[in-house]
1. When you scan segment 51-69, how many residues do you find that are surrounded by 10 or more Cβ atoms within 10 Å (Cβ to Cβ) and either under 14 Å from residue 151 (Cα atoms) or in contact (Cβ under 8 Å) with a residue 40 or more places away in the chain (or both)?
2. Can you name the strands (runs of 3 or more DSSP E) wholly within segment 81-171 that have at least 2 residues being touching a strand residue (DSSP E or B) at 6+ places or on another chain (Cβ under 6 Å) and surrounded by fewer than 20 Cβ atoms within 10 Å (Cβ to Cβ)?
């Protein structure tokens, strides 16, 4: 009888550890402490095909080339991230220009085996290509704020949650 009880306790303890690990993984990829406000319609703003080639005149020191095939939806969102907050692991089906308005956010990329974050402070910006999972974290002591301008294929979701996370980071 004692062996049977011991086995039941060990199985229950193992199941509890697995449940905690799974819950931790799910919580680790969930959005926490983030408030998102859409500055465009939540269904996006429709764009036809885009074909832009711009450069400075006369020096030709700066150039932009953007071309889409098919229709696009554009979004502008304001994200406020509390200290300790995270967007959770997610991806976008198109590129995002991310402007840091307040505080500092740290961007972690799902394909970086070293899980090296890149910190961006107010007045800086960065581009998320949309080609993989990433998460933004506010590792500071003040609220962070970003404004993202996103372009995705028409009818696609703006954001796709990735659960569980890619596994390259301990969070």
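The values are calculated or read from the model by the stated rules, or taken from the named source; none is laboratory data. It should be emphasised that the depicted structure is a prediction, and the values quoted were computed from it without experimental measurement. Ideal geometry is used to build each Cβ from the backbone, glycine not excepted, and the neighbour counts take in all protein chains shown.
1. Going through segment 51-69 one residue at a time, the tally reaches 3.
2. Numbers: elements: 96-102, 104-109, 118-121, 125-128, 134-137, 144-153.
Because the criterion is at least 2 residues that are touching a strand residue (DSSP E or B) at 6+ places or on another chain (Cβ under 6 Å) and surrounded by fewer than 20 Cβ atoms within 10 Å (Cβ to Cβ), the strands (runs of 3 or more DSSP E) in segment 81-171 that meet it are 96-102, 104-109, 118-121, 125-128, 144-153.
Conditions tested, residue by residue: (1) more than 30 Å from residue 163 (Cα to Cα); (2) at pLDDT below 80; (3) in contact with a helix residue (DSSP H, G or I) (Cβ under 6 Å, 6 or more places away or on another chain).
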site: 9; (1), (2), (3): yes, yes, no
site: 13; (1), (2), (3): no, yes, no
site: 18; (1), (2), (3): no, yes, no
site: 21; (1), (2), (3): no, yes, no
site: 25; (1), (2), (3): no, yes, no
site: 33; (1), (2), (3): no, no, no
site: 37; (1), (2), (3): no, no, no
site: 45; (1), (2), (3): no, no, no
site: 50; (1), (2), (3): yes, no, no
